[in-house]
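Quick notes on the structure that follows.
The values are calculated or read from the model by the stated rules, or taken from the named source; none is laboratory data. It should be emphasised that the depicted structure is a prediction, and the values quoted were computed from it without experimental measurement. For neighbour counting, all protein chains shown are included, and Cβ atoms are generated from backbone atoms with ideal geometry for every residue, glycine included.
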Amino acid sequence: MMYEVIVIGAGLSGLTAGALLCKKGIKTAVIDKNYMPGGSCGIFKREGVTFDQGSAMLFGFGEKGFNAHRFVFNCLEQPIDMIKHDLLYVMNFNGHKIRFYADLDLFKEELSSVFPDQKDNIVRFYDDMSTMYQHVLVETPSYTTPDENDLDDAKKGFKKHPLSYIKFLSYLNISAEKLLKRYFDNDEIIKFFDKLTSTYCYTTTKESPAILASVMFVDNHTGGSYYPAGSTLFLPGLLEKSIEENGGDMILEKEVTKILFENSKPVGVELNTKEKIYADNIIFSGTVWDLYGKLIDSNETTEKKRRWASNMVPTYPSVVLYCLVKDDCIPKDTQSVEMLVGNVDQIDESEVTAYIFSIDDKTLCEEGYHVIAAIGPTFVKWSELNEEEYITRKEQEKERLIKVLERRFPDIRNSLVYTNLATSKTLERYLNKKDGAVAGPKQKLGQHMFKRQHTKSQWDNLYCCGESTVMGTGTPTVTTSGISAANAILKKLGKEKFKYDINIVNYVNVIGKPVKNDDLFYKYDDETAKIVKKAFACQLCENPTCAEPKEFDARGIMRRVCVGNFVGAKKLINEEISVEKLKQYEKMCIEKKRINKSVEISVVIEFLRK
């Protein structure tokens, strides 16, 4: 099988690159070992409840600022409904509740009320960073990584605001801490910024490059914080939809085990099934450790390169507690994202960020309940535990995280309906997060920016994107890396690149909150809406009881129908399968056992066949 481009990995960066290439008519296949695309950005279901498995506090959808997601969906001409949160989030810091308002002036007042002796410094700092941000990123929008910057575009911006550009570039090799100490003479406020950088990029201010931190401190206020209406199923799902509607192939549940070389040049990939797929160009959307430690044969690289990759320091490992709770334990003033800081002096296990997106999106669970995902650091060596120790420690971690949540939600223990814990081992197994390091290699001084994996590798047909590359972690940054990889190939093929256009039509629709079930179906006619609702009943089981996916991929069809990807869903239908066989699958549906009502697979398939 031959393609123009193979994308290894269906995380957001890989999906972005694949979708943009397909939009330009490039024959592309995206390969991923999981049965759902998205990597860290996606969902799982338990007994009718939808849980976000990872990345869900989304920046980059705003009208201004570093809005890479908006840029991509506009380029793809793919509509997406988003919820905009009232606040970015709340930080519970040292007895204070610090609200992150989208309005930067309001936020400066809020922060000044916590650090009154630093008020003038706070205003000066944020004013300076805002001016620089406006000059460098807002007035001359660029949707590419620094290693792939267009020199002509950079010159235009520099000529308009040379001082801001010089200041910005001077931050490349100094720490955020050093920058902050130019403005603040109070160690306590530096600790506050430590918590900010640990939330944004899993590094302290001492580790964080000032060039990145200076952007982060301002950007999220400019663009705002968003959540896809109906869950994060929609963000990767709609990118997949664009790929399949534009002739691309999604090859899921197959793992790339090797990049094939001929005459010292990458020519394709080998899968865990021993199947070989060939392409003119390859995009790798994964970790630098996997690229040089697993996929590329040591004969094709140098010992120096392999040592460089293996020595990249990962971010700290994490665990995630998923809960369904009765809503009376969540105070009315609770925001969708709350950071609970335990120890202001360092990052430790007393620190948790709680994501409660059911506050704004009522489609995730029934009325009267809330869904919580609580993520925090863990320093347990999970890979060293035997099975019995692992199970015991998992229960201990659940208890520890519940106690952390009790600091903010005192009645939560008595309101728990369901809990599950993803350990670092779980995150590595499902999301390829090395030892549970959810943000890949640390974006710290010494292994930051240009010292990371570049978009272009040493081979002229192997490209890279994702959190191991120049811009590091975060959904807007990995999306930008995907844009860069796609544009690098388009340039090579002599095709027009995707660039900022002030007149581009907007496809990002911000809808009112709270979102309810019926709000997801307004875009369909009555018949189609009924079918999509039936598909939403599917639990997207990891181990389906209805049908073996290799025989009939019911969950893959239902997942695509949920996001309106009817083209992709139809591709999975075996025309020979009978209505009687579909009815048999329905009898085996897990929902039949749980609520005595199967997912109506046969009705959905009949609709698609029409």
**OP:** Examine the range 554-562 for a residue that is more than 24 Å from the chain's Cα centre (by Cα) and either closer than 23 Å to E244 by Cα or not charged (D, E, K, R) (or both), and state whether such a residue exists.
**Re:** yes
**OP:** Could you look through the range 18-42, keep only residues that are in a strand (DSSP E or B) and touching a Phe, Trp or Tyr at 6+ places or on another chain (Cβ under 7 Å), and pick out the one that is surrounded by the most Cβ atoms within 10 Å (Cβ to Cβ)?
**Re:** T28
**OP:** State all residues of the range 175-197 that are surrounded by fewer than 15 Cβ atoms within 10 Å (Cβ to Cβ) and assigned to a loop (DSSP other than H, G, I, E, B); if no residue qualifies, say none.
**Re:** K181, R182, D185, N186
Subject >> The listed residue being of a type in the set (A, V, I, L, M), surrounded by 22 or more Cβ atoms within 10 Å (Cβ to Cβ) and farther than 28 Å from Y430 by Cα, out of I557, I577, I605 >> reply: I605
**OP:** Please state which of the following conditions R306 fails to meet, knowing it meets all the rest: (1) free of Cβ contacts under 8 Å to residues at least 24 places away in the same chain; (2) assigned to a loop (DSSP other than H, G, I, E, B).
**Re:** (2)
**OP:** Provide a single number: the residues in the range 523-548 that are part of a loop (DSSP other than H, G, I, E, B) and under 23 Å from D52 (Cβ atoms).
**Re:** 9
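Residue by residue, here is whether (1) more than 23 Å from the chain's Cα centre (by Cα); (2) loosely packed, with under 15 Cβ neighbours inside 10 Å; (3) under 30 Å from E366 (Cβ atoms); (4) of a type outside the set (G, A, S) holds:
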residue	(1), (2), (3), (4)
F284	no, no, no, yes
E300	yes, no, no, yes
V319	no, no, yes, yes
C323	no, no, yes, yes
K326	yes, no, yes, yes
D333	yes, yes, yes, yes
Original post:
Does G564 satisfy being in contact (Cβ under 8 Å) with a residue 40 or more places away in the chain, not assigned by TED's automatic domain parsing to the domain that holds G248, not charged (D, E, K, R) and not in a helix (DSSP H, G or I)?
Top reply: yes
Original post:
Among the residues of the range 198-211, which ones are assigned to a helix (DSSP H, G or I) and surrounded by fewer than 24 Cβ atoms within 10 Å (Cβ to Cβ)?
Top reply: S198, T199, Y200, A210, I211
**OP:** Could you please let me know if E580 is part of a loop (DSSP other than H, G, I, E, B), farther than 30 Å from N487 by Cβ and either more than 26 Å from the chain's Cα centre (by Cα) or assigned by TED's automatic domain parsing to the domain that holds F234 (or both)?
**Re:** no
